[in-house]
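Each remark here refers to the structure printed beneath this line.
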Amino acid sequence: MPNVEYRRAYLKLHFIIFIWGFTAVLGALISLDALPLTWYRLAVAWVSLGVWLAFKGRLRLPARARDLARFAFTGFLIGLHWTFFFLAIKKAGVSVTLVSLSASAFFASLLEPLVYRRRVYAYEVAAGLAVVAVMAWVFHISGVDWAGAAYGLAAAFFGAFFSVWNGKWISRYDAALMSFYELVFAWMLVSLFVWKAGAFVPPSDISSEDWIWLLLLGTVCTAYAFTASLEVMRRISPFTLILSVNLEPVYGIIL
């Protein structure tokens, strides 16, 4: 029975990765700049998730202040991850951004032992470095925009950080409720960025086509995929999840 559950978790993981591959394509299709795009993505995600939780009678306040603090910390990491992610897409394009994210495995191989307080596994570091080596080779032969690649690497670091951190706490919380609060705090951080940069775009200034892509991005590619990835980490380690996400460039480039 456990083997069946692990197989189901891996199949679900790859379905989620396929959805995430589509995220980068949507980011390129939507005409908004990176900050307002991230802001609207998160707004659609937490509102839709909140409505669903309320409909199911599962929307409630965290039991303890420390729970809220954990959600806030993770939410800020998520906000940074997605801000740099869309900055990379707008600066360097979909392919370079997705390839940059492959560095997440290397970051996870170092972060997971720190967060879980365990020893560093040489095979994890080796696997992460192998991916980074291939990434560097791709960058070398393709003449990338290095500023865009730097944004992508920042997104990879913060993505690895929040995934590892969530993996430590997922067994204690409802995945959907955890996702809701983390997305709210991510949106709050990005709201601060938008305000400081004067980058707010009124809803009326967004085209109907962009709204269609934003709704798809916020509901399916964010609210659903993020919650499902947390559920998967009940069975699969954060490092395994992040290493598997290296298939995202393959799916994204095909899409």
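So in segment 200-255, with the set limited to residues that are of a type in the set (D, E, K, R) and outside any helix (DSSP H, G or I), which one is nearest to residue 173 (Cα to Cα)?
234
With 161, 185, 200, 180 as the choices, which residue is touching a Ser or Thr at 6+ places or on another chain (Cβ under 8 Å) and at pLDDT 90 or above?
Going through 161, 185, 200, 180 in turn, the sole match is 185.
Based on what the data block shows, is residue 88 at pLDDT 75 or above and either over 24 Å from residue 27 (Cβ atoms) or open to solvent by 30 Å² or more (accessible area, probe 1.4 Å) (or both)?
In short, no.
Every residue, every condition in (1) under 20 Å from residue 75 (Cα atoms); (2) open to solvent by less than 30 Å² (accessible area, probe 1.4 Å); (3) of a type outside the set (Asp, Glu), yes or no:
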residue	(1), (2), (3)
185	yes, no, yes
209	no, no, no
212	no, no, yes
232	yes, yes, yes
250	no, no, yes
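Which is in contact (Cβ under 8 Å) with a residue 12 or more places away in the chain and under 19 Å from the mean Cα position of the chain (by Cα), of 200, 158?
Of the residues listed, the single one that is in contact (Cβ under 8 Å) with a residue 12 or more places away in the chain and under 19 Å from the mean Cα position of the chain (by Cα) is 158.
What number goes with the only condition from (1) open to solvent by less than 10 Å² (accessible area, probe 1.4 Å); (2) at pLDDT 95 or above that residue 109 does not pass?
It fails just one condition, (2).
It is to be established whether one or more residues within segment 59-70 are over 21 Å from the mean Cα position of the chain (by Cα) and within 30 Å of residue 204 (Cβ to Cβ).
The answer is yes; a qualifying residue exists.
Would you mind telling me which numbered condition in (1) open to solvent by 80 Å² or more (accessible area, probe 1.4 Å); (2) under 25 Å from residue 237 (Cβ atoms) residue 29 fails?
Just one mismatch for residue 29, condition (2).
Let me confirm something: among 50, 57, 93, 79, which residue is modelled with pLDDT of 85 or more and out of contact with any Leu (no Cβ under 7 Å at 6 or more places or on another chain)?
57
Quick check on segment 48-57. Is at least one of its residues more than 17 Å from residue 160 (Cα to Cα) and in contact with a Ser or Thr (Cβ under 9 Å, 6 or more places away or on another chain)?
Looking for residues that are more than 17 Å from residue 160 (Cα to Cα) and in contact with a Ser or Thr (Cβ under 9 Å, 6 or more places away or on another chain), one finds at least one in segment 48-57, hence yes.
Might you let me know whether segment 59-80 holds any residue that is farther than 16 Å from residue 182 by Cβ, part of a helix (DSSP H, G or I), in contact (Cβ under 8 Å) with a residue 40 or more places away in the chain and not hydroxyl-bearing (Ser, Thr, Tyr)?
no
Can you tell me which of 44, 99, 94 is in contact with a Pro (Cβ under 7 Å, 6 or more places away or on another chain) and buried (at least 16 other Cβ atoms within 10 Å of the Cβ)?
Exactly one of 44, 99, 94 is in contact with a Pro (Cβ under 7 Å, 6 or more places away or on another chain) and buried (at least 16 other Cβ atoms within 10 Å of the Cβ), namely 99.
The values are calculated or read from the model by the stated rules, or taken from the named source; none is laboratory data. The structure displayed is predicted, hence computed values, not measured ones. Note: ideal-geometry Cβ built from the backbone for every residue, glycine included; neighbour counts use all protein chains shown. All accessible areas refer to the heavy atoms of the entire protein, side chains included, with ligands and DNA or RNA removed. Shrake-Rupley method; radii C 1.70, N 1.55, O 1.52, S 1.80 Å.
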